[in-house]
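The values are calculated or read from the model by the stated rules, or taken from the named source; none is laboratory data. Treat the numbers as computed from the prediction; the structure is a model and nothing was measured. Using ideal geometry, Cβ is built from the backbone for each residue, glycine included, and neighbour counts are taken over all protein chains shown. Just the protein is used for accessible areas: all its heavy atoms, side chains included, with ligands, DNA and RNA removed. Shrake-Rupley method; radii C 1.70, N 1.55, O 1.52, S 1.80 Å.
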Amino acid sequence: MARLFEPLQLREVVLPNRIAVSPMCQYSAVAGLPNDWHLVHLGGLAQGGAGLVITEAAAVAPEGRISGADLGLWNGAQAEALARINAFVASQGAVPGVQLAHAGRKAGSGAPWLGGGVPPASWTGVAPSPLPFDTDWPVPRALDAEGLRGVAAAFRDAAGRALDAGFRVVEVHAAHGYLLHQFLSPLTNRREDAYGGSLEGRSRLLREVVAAVRTVWPERLPLFVRLSCTDWVEGGWDPEASVELARWLKPLGVDLVDCSSGGLVPRAAIPAGPGYQVPFAARIRREAGLPTGAVGLITGAAQAEAILEAGEADLVLLGRELLRNPRWPLAAARELGAVVPWPAQYARGSREPV
Ligand code: FNR
């Protein structure tokens, strides 16, 4: 049996296979609410056979949105609208997950197809230190003690709503240069209080967020953290720090580290190529003893299988390849000789015509 199609149990949740949809912003929400686009998009990915469908970054507070068209989980109406989508995702045999996010100093940009960047009417973000993302970005406001408490509470409350919405996996977004990553990296965190300085100080907010989420996210359900395992910049966050942090996250109730990279600063030289982030997942899995997810330019069934076979990760997450082919998991099963059920409605398409 191909490893890719072996179930993965995390706490009481059993993923039917090791293929996850990587969270991908759709920039299509209004007031943080999902709509038919999200139903068709996420529903189609569930039909396509991914074992875990992680909904795009959902902002824990309106000011924490990457763009004004992000999904949110800061109110009950958003949870209710997501519940309908999750019911469909679950009906297809996939586990619905969600990524909880706060964009920090990168908040308030526009949809990429509208040019990205900072639209004139956007709001000013918050950050560990008043350092803008780039020269044409606004200077963020440094969070004070009350603001820090508010961030942890917002993640906690959003996790509670995620539970109400029927999500069974929550991922805390601490990667790609968003708020929690800004705290982790010495390049963006110049604080001199308990939330800056040493690795312990810089990781304090993330650890408090994880602990706060765990107060409402039940024991029986798994919690992921996505890290950028390196900033790809001299003097920035690096794999050694990621391993140390992963060791601290484990006793706080984190079940899997989703290993990405970059996004903190513009114009970092990133050596992107097939599976280029897999070594981070392998190292954290080996050295911190925590299950990991590998992501980034994983596009082939044999490639994904080899990552699992080599013990480099427990789960593979695919992004753009699933946009190109939402039924990639069904095709991968055929390629690897695994037998997986197709949706009954599509069963006649599951074999070549005879
Ligand atoms: C992304 N990515 C991303 N990552 C994340 O952590 N939260 C998010 O909401 C998004 N949004 C997003 C939107 C779109 C359109 C793309 C293409 C990507 C990054 C994504 O999850 C993944 O890590 C990368 O795309 C690398 O994986 P692939 O695409 O090479 O498989």
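Values as computed for the structure displayed
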read-out	value
Given (1) at negative phi; (2) outside any helix (DSSP H, G or I); (3) within 16 Å of the ligand (Cβ to nearest atom), number of the condition residue 263 does not satisfy	(1)
Only one of 323, 297 that is in contact with a Pro (Cβ under 7 Å, 6 or more places away or on another chain), within 11 Å of the ligand (Cβ to nearest atom) and either open to solvent by 40 Å² or more (accessible area, probe 1.4 Å) or under 15 Å from residue 229 (Cβ atoms) (or both)	297
Sole residue being under 19 Å from the mean Cα position of the chain (by Cα) and open to solvent by 30 Å² or more (accessible area, probe 1.4 Å), chosen from 84, 65	65
Of the criteria (1) within 16 Å of the ligand (Cβ to nearest atom); (2) assigned to a helix (DSSP H, G or I), which one residue 98 fails	(2)
Test: residue in the range 328-347 that is away from the ligand (no atom under 16 Å from the Cβ), in contact with an Asp or Glu (Cβ under 9 Å, 6 or more places away or on another chain) and under 15 Å from residue 260 (Cβ atoms)	no
Flag if residue 233 is of a type in the set (Val, Ile, Thr) and closer than 24 Å to residue 264 by Cβ	yes
Test for residue 93: is it assigned to a strand (DSSP E or B) and either out of contact with any strand residue (DSSP E or B) (no Cβ under 9 Å at 6 or more places or on another chain) or within 15 Å of residue 24 (Cβ to Cβ) (or both)	no
Residues located in the range 263-274, provided they are of a type outside the set (Lys, Arg) and surrounded by fewer than 23 Cβ atoms within 10 Å (Cβ to Cβ)	263, 265, 266, 268, 269, 270, 271, 272, 273, 274
Some residue of the range 75-95 being touching a helix residue (DSSP H, G or I) at 6+ places or on another chain (Cβ under 8 Å) and within 12 Å of the ligand (Cβ to nearest atom)	no
Filter result (in contact with a Leu (Cβ under 8 Å, 6 or more places away or on another chain) and either at pLDDT below 95 or farther than 22 Å from residue 329 by Cα (or both)) within the range 72-100	72, 73, 77, 78, 79, 81, 82, 84, 100
Any hit, the range 115-129, residues being open to solvent by less than 30 Å² (accessible area, probe 1.4 Å), over 22 Å from residue 295 (Cβ atoms), touching a Lys or Arg at 6+ places or on another chain (Cβ under 6 Å) and not in a loop (DSSP other than H, G, I, E, B)	yes
Test: residue in the range 243-253 that is at pLDDT 95 or above, surrounded by fewer than 18 Cβ atoms within 10 Å (Cβ to Cβ), within 22 Å of residue 18 (Cβ to Cβ) and not acidic (Asp, Glu)	yes
